[in-house]
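Presented below is the structure to which this report refers.
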Amino acid sequence: MSRNRPYHYVRYVWWRIHNPINLIDTLKDEFHVTLKSWPGSTDEERRYDPSPFKGERWEVLVKADTLSAFLSAWRAVLFQKYKAPFTKRDLELREILFRLYPRITPTPLPFSFSQEPPFEVEEQFAL
C-alpha cells in the first residue's frame, strides 16, 4: 500500500455478533456516533427474509478527529477520508475498536490475511 493513501483497515469478530445499541452506548460519550438501518431491518421485513443475516442489516458510523469507522455486527472498517496524522482521539478510537473487533481475518480459516497499513501520529502523541 502506498504511503500517500489515507488509512484503511478492516477488523472482524468471530463466533459472536455486536449489538448496535451496545456499540453506541460504548462510544457515544467520546465520539460522534450515527446509526444507519438498512432495508430488511424492520420486524415486518425480517419476517419474510430467508437471509442468514436478517436482523443484522445496520451500520454505525463513528467519527473521531481524522479517523472514522463503519461498524457492523461482524466487521469494522476503519478509514480516513484524507491522509493525516492520528490525533489522541483517533488513537483512542483505534484502540477501542481493536478490542471490540480483535481479528484480522473474516473466518478462522487461513484466508484473507491483512496487515495494518502504516500511519503517522501527531508529534505530541507519538507512540
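For the reader, a short list of remarks on this structure follows.
- Pairs spanning more than 19 Å between alpha-carbon atoms, out of 36/63; 36/83; 63/83: 36/83.
- By the count of neighbouring beta-carbon atoms within 10 Å, fewest first, 89, 94 end up ordered 89, 94.
- Cβ-Cβ distance of residue 36 and residue 89, R₀ of 35 Å, FRET efficiency by 1/(1 + (r/R0)^6): the value works out to about 0.95.
- Backbone phi angles across the range 84-94, fed through the Karplus curve with coefficients 6.51, -1.76 and 1.60 (θ = phi - 60°), yield HN-Hα couplings of 7, x, 5, 8, 4, 5, 4, 5, 5, 4, 4 Hz in residue order; Gly and Pro are listed as x.
- Mean Cβ neighbour count within 10 Å, used as a protection proxy, ranking 17-29, 103-115 highest first: 17-29, 103-115
Every read-out reported here was derived from the displayed coordinates using simple, explicitly stated rules and does not represent laboratory data. Everything numeric in this text was worked out from a predicted model, so none of it was measured. Cβ atoms come from the backbone with ideal geometry, glycine included; neighbour counts cover every protein chain shown.
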